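Structure, as structure tokens:
Coordinate-derived values only; no laboratory data. Predicted model only: the values in this text are computed from it and were never measured. Cβ sites come from the backbone with ideal geometry, for glycine too, and all protein chains shown count toward neighbours.
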């Protein structure tokens, strides 16, 4: 394979070129309610070429091997066109030339589990909510994505790495008259099939929440002091802070760069945030990114001070900061962009009970339900919450959507729990979908959060 | 494809083959400077077979080993996915004007020159940051089935997206243009973006509460997403639509007419058939506030014992790779009927209110229930008929079955935007939460 890839990029007159060939095998089994909607395994493949020429960089994604020459030519022309139109040449930060094959250690290789067994496990989990009368439907899916990646560059790197993602997840919907509630449920990971077994408890717990939500009280819009559970705090870390530490999102915004200078005191002293793709057994684990750079743990916030950033080779050079190995593509249809790996708030010292006492009156908000960010502003939803009065948990509340400003919120995180949890299901849609986007946190206490209500 | 059809027919009762070739170029400008140019040439095939009332599905990028491809579809039959529907025999469809051959020879430097021209116009007239995205492409689609259907369509597109961004964020005033061939961005579009941004450049923090809220064409999708969900044959079958029993009933303000019109070929992407070969048609969803129809693909129409409506598309909410997706009911050509007031007339009529110029978190919240709760990104605050500034850190929330009962005015012009082609719509009595 590498011989073929080398021969394709060797024809370029560019300053630098790389090529990534991927074989992607997807196994999907999906249920809508009791009915099986889809089952099957399919393999697709394709190439992405990137060319750096005279200070311009361009990429072409293609699926037919016979288009390789045309693709290289287009990328070269586009790079040349860019070079004529920019003031500052694009440079790549220097990285080690690597020749390596990395196949992750698995706890049960999903390729060795029969599709019948996968179907039965999915059917079993899907059946858990459907036993209950108040559950109107489910949409539960088994998804297995195996990316076999081959990367070669004109600098001489040749890297083969496999990324194996498995999960069973979806939505449980409850209904009472015209009131419909739904809850996300799921298990998954990057280290094999075993993580999916014996997880009935997850689907039983989420079924209970879907049913309880039918009786929950809608939240009143307003500003609250809150405790976020690890899932919510993890999504906050990803959405509000994490995206802002992706160098490509702020590179060309002078106003955002000004605020995000290394050394800036952005958050409360209790706050430490790191992105570490090298943690084995976590969803966001990988060894090399899609530019052939070895991933490294990157401390982003240290006692509230910005100390690091996530980079591609291009942005590391542009910012004059160290490479971090965070330039990742969804698959062979895309050139890589900067993505988080495993981003999380590092645990503090407070127990959950300490946080409840510190909160006094407010809300305890649980389980993220989608979020979005735009520079310093973020919005995200929660599955449910409980009223807290005098440090005691009260009734269940629904329809929680919060919004806020990154800087104010980072300052308003006043206490961090000791109970770190990282997520098992990813789905970050920054132009491309990253199903291995992993985030986490312990419980955290946040002051003055705006809740929209309905 | 013909050979694949022959091979597949021998081992199954019904066969459907879908092929898609896509070529595209995209150009991005950030902070008024050229940033990236990327291209794609992608192709692929999907295969659906029906045998003994079960459906098998497979897809591939390269049609190298046809036998193996068919074998893959056959092996997925074992799962036992029911297929009680037949594949349609469709021909003699209306000819739509979807393809302009000039796109094939459009060069990236023409697009770059046009973006430079726009930057030269905008940059001296605003302090906001200018981002532009433009690009073009050609899609070639062919669909054939064993009942004799053999349909194809080519379509070309050229788009520009012009945005001026507020400081410290990606919140922006933006407008999209989409055409079948290269076209210079009209002055009116640039003027709208400039005037709206410059008029709202000051940050303001108004009081919250219930007030009039104007959704621009760029943000109406927040509301339409909930309606998409509620009127899909899939939701009706799954019993997750709050309006399943409301056909013929008034669900929205009588000023609102919402329809799907795949045959409208003024914009790119018009279709005379869906991704299963069912003919497309003008299709009212809501007429003068009255719920008229639910939309179906072959599978859900069969399940609910009704006729397919030409809405079986291989789409997913998150882009997805078309050939890897099975058809599902989708509204891919949604319109809201324009009203009789210009945008500036509507704004002038507002004593106090919020304009939703950008939305964060449209995908969160209880979509089946019709609830939405979005961060303003940004919101523009209007007092005494004039925009006085932009608002951040605020949310607009509600339920579409309450909010859309209270329409004050609808803009007189349609704009292509996210998930459809819409005018701006002004609603009364919507909840706004601020700090």
Answer check: the protein assembly as shown, Cα atoms, Kirkwood Rh, Rg/Rh ratio of 0.93
Calculated log₁₀ intensity ratio I(q)/I(0) where the Debye formula runs over C-alpha points of segment B:2-197, q = 0.08, 0.13 Å⁻¹ = -0.43, -0.79
Which residue, B:265, B:100, B:195, has the most motion in a Gaussian network model of chain B that connects Cα atoms within less than 10 Å?
-> B:195
Summing -39500 (n - 2.57) over the DSSP H runs of n ≥ 4 in the protein assembly as shown and dividing by its residue number, what mean residue ellipticity at 222 nm do you reach, to the nearest 500 deg cm²/dmol?
-> -5500 deg cm²/dmol
Residue A:7 versus residue A:351: modelled label distance in nm, points set 7 Å from Cα along the beta carbon direction = 6.7 nm
On a C-alpha basis, how far is the centre of segment B:375-430 from the centre of segment B:164-233 in Å? Whole number, if you could?
-> 9 Å
Whole-Å distance linking the alpha carbon centroid of segment B:40-105 with that of segment A:1-59 is 22 Å
Virtual spin-label span in nm between residue A:408 and residue B:126, 7 Å along Cα→Cβ = 2.5 nm
For the residues A:326, B:299, A:132, B:229, what sequence is obtained by ranking on other C-beta atoms within 10 Å, fewest first?
-> A:132, B:229, B:299, A:326
Going from the alpha-carbon gyration tensor of segment A:218-451, what semi-axes, largest first and in whole Å, does one get by taking the root of 5 times each eigenvalue?
-> 30, 18, 16
Rounded to the nearest Å, what's the spacing between the alpha carbon centres of segment A:338-410 and segment A:280-308? Just the number, please.
-> 24 Å
Kirkwood Rh in Å, taken over all unlike Cα pairs in chain B | 23.3 Å
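Mind jotting down a quarter of the surface of the convex hull over the alpha carbons of segment B:202-435, in square nanometres, one decimal? Numbers along the way, then the final one.
On the way: hull surface 49.6 nm².
Its Cα hull, projected and averaged over all orientations, spans 12.4 nm².
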Space enclosed by the convex hull of the alpha-carbon atoms of segment A:2-215, per residue, Å³ = 182 Å³
Of the listed peptides B:301-309, B:168-176, what is their order by residue-averaged count of other C-beta atoms within 10 Å, with the highest listed first?
-> B:168-176, B:301-309
Final fewest-first order of A:443, A:243, B:333 on the 10 Å Cβ neighbour count is B:333, A:243, A:443
Partner chain Cβ atoms within 10 Å, averaged over the residues of A:446-453 - can you pull that number for me?
-> 5
Whole-number Å³ per residue for the convex hull built on Cα positions in segment A:9-78 | 101 Å³
Comparing B:385, B:177, B:353 in a Gaussian network model of chain B (Cα, 10 Å), the one with the largest mean-square fluctuation is B:385
Quote the relative contact order of chain A in percent (integer), defining contacts as alpha-carbon pairs under 8 Å separated by 6+ residues.
-> 17 percent
Just need the relative contact order of segment B:188-296 here, percent rounded to a whole number, with Cα pairs under 8 Å and 6+ apart.
-> 25 percent
Cα convex hull of segment B:341-435: mean projected area in nm², to one decimal?
-> 6.1 nm²
Residue B:428 paired with residue A:35, simple spin-label distance in nm, labels 7 Å along Cα-to-beta-carbon | 4.3 nm
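Once you have the Cα-Cα distance between residue B:386 and residue B:10, take 0.36 nm times their residue separation minus that, and quote the gain in nm to one decimal.
Once the chain is fully extended between residue B:386 and residue B:10, it gains 128.4 nm.
How many Å³ per residue does the convex hull of the Cα positions in chain A occupy?
Spelled out: Cα convex hull of chain A, divided by residues, is 146 Å³.
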For A:402-413, what's the mean count of beta carbons from other chains sitting within 10 Å of each residue's beta carbon?
-> 3
Largest to smallest principal axis extent of the C-alpha atoms in segment B:252-382, angstrom = 50, 30, 30
Ranked packing of B:285-291, B:367-373, most packed first, by mean Cβ within 10 Å | B:367-373, B:285-291
Please order A:74, B:349 by the number of other Cβ within 10 Å, starting at the fewest.
-> B:349, A:74
